[in-house]
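S.K.: This is the structure I have questions about; it appears just below.
The values are calculated or read from the model by the stated rules, or taken from the named source; none is laboratory data. All values reported here derive from a predicted model rather than from experimental measurement. Reconstructed Cβ throughout: ideal geometry from the backbone, glycine too, with neighbour counts over all protein chains shown.
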Amino acid sequence: MTETPAAFHESARKDRVSKFNWISLVGIPLAAILFQVYVPRFVTYLSYLELPLLVTVYFSLARRSPITGVLFGMCVGLAQDSLSPQHPLGMFGIAKTLVGYFAGYVSQRFEVENSGVRLVLAFFFYFFHQFFYWFLRSALLSEAVSLELGQTIVLAALNAAVAVPLFRVLDKLRITE
Amino acid sequence: MEFFLNRYRNLSVLLVAILAQLGLLAYQSRTGQDVRLIRVWAVAAVTPMARILEAGRGSTSHFFRDYFVLLGVREENRRLKAELDRKELDNQYLREQLSTADRAKSLSIFQQSSKSTTLAAHVIGNSTDTEAHVILVDRGSNDRVQKGMAVITPEGIVGKVINVFSSVSYILSVEDPNFAASVVSEKHPSVHGTLKGHGTGPVSIDYVQNEEMVDPGDRFVASGEDLIFPRGTPACQVTVARDGRKGKEIYAIPSGIQNGLDDVLIVIEGVHGTIPNAPPADQTVHLLEPPGPDGLADTEVPAQGGARLTDLDRDVQNTRAIGAAQHHTFGSKDSPAPNYNLPPTASKPDDAKPAPSPAPGTQSP
């Protein structure tokens, strides 16, 4: 019985780094932000769908690189901050930077193509993002806001349920070599 | 150092990104200034697409609405031709015209009738913060919009402008927790309060004393004291009013956003109106004279500096009058108990007798 070395798994995982063209890399986050700006006007409950976050998680997982995750999360977060005039720039930016880093980090150690894993990761990262955003607002801006755990968990589950089919759709945009 | 950066490259990039954004936050908090350039870029990137989407949605919805309206009219015509009832056709047509009246027309009518100079604006988006109630409208500094201007609809207050760009502006909605406006009761103009948003659901009216008269159904209007909303602009209708620990707890439904927000009016130059039920400032109030003691015109008035008599005071006076009329000395056992069933004047034995002749040296009137 032959044993495959750990380095082999590592290299095999890195070989599965997904590539996207620039139009997808720029257009998809922009579309996600536009969705958040525009669609909740007509369907109010869709405002709880954090598409920019899901897109950040997806690209960070797909690229399998914490650095890409950091840069991607920072850009998406700052763009989101720019369209949220109530708060100073950087609140969503920091939260999504951390999400991008940890998503990239996790993708190097786990098989993230599996739908079950994606469901769990989307749930976890939504919760992490909301918690960290709340922490930043309380600690840095001294805003008296409460984190409603029950509501956050339900919304995390809903976002995770949306994330799985969304990630499958985004998989189609990968460049195959 | 080089080894460290290579060894911990991922962590180093993360730290740099976080520190850069913390620095940005610190700069904004310290100076109180916004990094406007980044926001301008983001708004410039997103708003054209939002406009295109809105235009596409509008055209599509108009197309389908017109299509279905046409289908309805065709069927209706068939039915009406069969019935040969011209009058019913006319009525139906007019009814349809009324029901499909464009909201923009009502805004236009309100704009013409309002004393304030207003600018119609179309809502094209929201803030990306899910907890914030901030909307994006298609008017900006090019249209003379300035930060702090009031935003209303014919139904009432919508919010105020918090951020202005060249062609778009952000409006803080009346539902947002950071929103506040000075309001006054339409029914009792002495009742002033501060309207505040709570994110979702009804708004509250704070700083109203428990002693003030506020009932469910009362309407509040802008008092104009905040120098933002013209006095008399409808604000909200009370749904709950109860006594609280620090003052009255009042919850109300905001009037301006009840019918959705597609088009709004930005008040460029506000003119204060009047509060509908408020009396004129210098109106004299007619007051009656204070009532005298009942049936005791000729009896002694208690030495209370003109204070009103209580029922007990009147009973005591009545009892004393009866006793005096029957020559009874209260507290003495020498005289019999008076008959309390007789009225004081009727029981006076001297009343029936003629008046005694005046004493020598005196003159009768």
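S.K.: Here is a list of conditions, (1) more than 10 Å from chain A (Cβ to nearest Cβ); (2) surrounded by 15 or more Cβ atoms within 10 Å (Cβ to Cβ), and B:PRO48 meets all of them except one; can you say which number that is?
M.R.: (2)
S.K.: Let me ask something else about it. Regarding B:LYS115, is this residue out of contact with any strand residue (DSSP E or B) (no Cβ under 8 Å at 6 or more places or on another chain), at pLDDT 65 or above and assigned to a helix (DSSP H, G or I)?
M.R.: No.
S.K.: I've got another one for you. If you go through region B:160-199 one residue at a time, how many are within 14 Å of the chain's Cα centre (by Cα), not aliphatic (A, V, I, L, M) and not in a loop (DSSP other than H, G, I, E, B)?
M.R.: Within region B:160-199, residues that are within 14 Å of the chain's Cα centre (by Cα), not aliphatic (A, V, I, L, M) and not in a loop (DSSP other than H, G, I, E, B) number 6.
S.K.: Condition first: part of a helix (DSSP H, G or I), of a type in the set (Gly, Ala, Ser) and facing chain B (nearest Cβ under 10 Å). Can you find one or more residues in region A:54-71 that meet it?
M.R.: Yes - at least one qualifying residue is present in region A:54-71.
S.K.: Looking at the structure I just gave you, is B:ILE152 in a strand (DSSP E or B), among the hydrophobic types (A, V, I, L, M, F, W, C) and surrounded by fewer than 23 Cβ atoms within 10 Å (Cβ to Cβ)?
M.R.: no
S.K.: Still on this structure, please answer the following. If a residue has to be more than 22 Å from B:SER29 (Cα to Cα), surrounded by fewer than 17 Cβ atoms within 10 Å (Cβ to Cβ) and touching a residue at least 24 places away in the same chain (Cβ under 8 Å) to count, how many in region A:114-151 make the cut?
M.R.: 3
S.K.: Here's a follow-up. Kindly indicate which of B:TYR67, B:TYR8 is under 20 Å from A:LEU71 (Cα atoms) and outside the structural domain of B:ASP138 (by TED's automatic domain parsing).
M.R.: Matching residue, one of B:TYR67, B:TYR8: B:TYR8.
S.K.: Does region A:128-143 contain at least one residue that is under 21 Å from A:SER18 (Cα atoms) and in a helix (DSSP H, G or I)?
M.R.: No, the conditions are met nowhere in region A:128-143.
S.K.: Taking into account only those residues within region A:129-174 that are β-branched (Val, Ile, Thr) and within 13 Å of chain B (Cβ to nearest Cβ), which is farthest from A:LEU89 (Cα to Cα)?
M.R.: Within region A:129-174, the match that is farthest from A:LEU89 (Cα to Cα) is A:THR152.
S.K.: If I ask for residues that are buried (at least 22 other Cβ atoms within 10 Å of the Cβ) and either out of contact with any His (no Cβ under 9 Å at 6 or more places or on another chain) or in a loop (DSSP other than H, G, I, E, B) (or both), which ones from region A:93-111 would you list?
M.R.: A:GLY93, A:ILE94, A:THR97, A:GLY100, A:TYR101, A:ALA103, A:GLY104, A:SER107
S.K.: Residues of region B:26-43 being under 37 Å from the mean Cα position of the chain (by Cα) and either facing another protein chain (nearest Cβ under 8 Å) or part of a helix (DSSP H, G or I) (or both), which ones?
M.R.: Answer for region B:26-43, where residues must be under 37 Å from the mean Cα position of the chain (by Cα) and either facing another protein chain (nearest Cβ under 8 Å) or part of a helix (DSSP H, G or I) (or both): B:GLN28, B:SER29, B:ARG30, B:THR31, B:ASP34, B:VAL35, B:ARG36, B:ARG39, B:VAL40, B:ALA42, B:VAL43.
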